[in-house]
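The values are calculated or read from the model by the stated rules, or taken from the named source; none is laboratory data. Quick caveat: nothing in here was measured; it's all calculated off a predicted structure. Virtual Cβ from ideal backbone geometry, glycine too; neighbours counted across all protein chains shown.
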Amino acid sequence: MSALLLSGRSASAKILADLKPKIAKLNPKLVVVQVGDDPGSSSYIKQKIKSCTEVGMRSQHRHLQAATSLSDLLKLVADLNADPDVTGFIVQLPLPEHLQSHVPDIIRAIDPKKDVDGFGAYNLGKVFLSKDFEHLPPATPAGIIMLLEHYKIPVASKHAVIVGRSNIVGKPLAIMLLNRDATVTVCHSKTKDLAAMSRHADILIAAIGKPKFITKDMVKPGAVVIDVGTSRVDGKLTGDVDFVAIQEIASAITPVPGGIGPMTVASLIKNCVQAKERQIEK
């Protein structure tokens with residue numbers, strides 16, 4: 001059996017094409033704030049700006065020096081909150097070491113109406129209520145949900161196992177899958193016999209940042225495998241899943257690159273459009 005390739009590039013192209021008329025009408029603007037020169041961040045931001053250009057959405061890259069102080073970064077956040085022309089903005093993570101411990105303060109400072117990354121407590125709290133309140137959900141979990149919907153992969157009554165419990169992916173994704181009637185297990189570094197857990201998954205999501213951590217013997221034949229991980233191995237982008245081996249037994253699998261990355265970008269742009277709609281309503 002050869003697994004169905006879940007192409008994020010293909011799915012995101014369809015989502016972005018559907019958003020184009022709304023973007024032309026609403027004229028939203030996305031601002032991406034980068035502190036320092038993390039190579040991964042620079043690559044992601046380049047793709048975000050490129051995708052904005054392709055769909056005709058205004059965007060701006062505010063690139064700050066690595067030595068930028070917390071007070072200067074918070075001042076910029078306040079300025080973006082107050083600027084009526086800015087629909088939504090994100091502070092790209094990871095931040096330089098001297099700012100790492102202040103990430104919760106920085107996220108808390110972002111106006112919830114402009115929090116298009118969906119990391120703030122207000123937007124996360126709405127995700128907990130039901131899928132009807134997922135107005136600005138975290139971009140990567142929302143991208144995963146959209147990918148499953150694009151390929152018409154059912155979630156209700158399925159057992160989803162998530163390997164990774166981050167605030168950015170694992171935890172919010174668990175809630176969003178519960179909102180869609182999946183049974184969800186979240187595994188992490190302290191989980192006993194993780195392989196036994198993962199072998200029960202109808203839908204297995206790997207989001208831990210350890211290259212090829214998920215091996216063939218950890219996957220149930222016929223499972224849908226979603227690889228969120230991105231690591232550099234010998235200069236090559238590699239996921240958390242042993243793709244070559246697992247595609248032989250999975251029913252569907254995402255590639256790295258070209259899987260969840262494009263979906264995260266599409267989700268971010270969709271959130272910016274939804275933010276503009278809600279700002280106009282209010």
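The residues in region 94-105 that are touching a residue at least 60 places away in the same chain (Cβ under 8 Å) and either of a type in the set (A, V, I, L, M, F, W, C) or in contact with a Pro (Cβ under 7 Å, 6 or more places away or on another chain) (or both) can be counted, and the count is 2. Taking the criterion of being closer than 25 Å to Gly239 by Cα and surrounded by 15 or more Cβ atoms within 10 Å (Cβ to Cβ), the residues of region 13-31 that qualify are Ala13, Ile15, Leu16. Restricting attention to region 66-85, the residues that are out of contact with any Pro (no Cβ under 9 Å at 6 or more places or on another chain) and in a loop (DSSP other than H, G, I, E, B) add up to 4. Looking at region 49-71, can you tell me whether even one residue there is modelled with pLDDT under 95 and under 24 Å from Arg108 (Cα atoms)? Within region 49-71, not a single residue is modelled with pLDDT under 95 and under 24 Å from Arg108 (Cα atoms).
Quick check, is Leu74 surrounded by fewer than 19 Cβ atoms within 10 Å (Cβ to Cβ) and among the hydrophobic types (A, V, I, L, M, F, W, C)? Answer is yes for this residue. Would you confirm whether or not region 86-97 contains a residue that is touching a Lys or Arg at 6+ places or on another chain (Cβ under 6 Å) and surrounded by fewer than 18 Cβ atoms within 10 Å (Cβ to Cβ)? Within region 86-97, not a single residue is touching a Lys or Arg at 6+ places or on another chain (Cβ under 6 Å) and surrounded by fewer than 18 Cβ atoms within 10 Å (Cβ to Cβ). Among the residues of region 210-240, those that are closer than 12 Å to Gly259 by Cα and either among the acidic types (Asp, Glu) or at pLDDT 95 or above (or both) comprise Val225, Ile226, Asp227, Val228.
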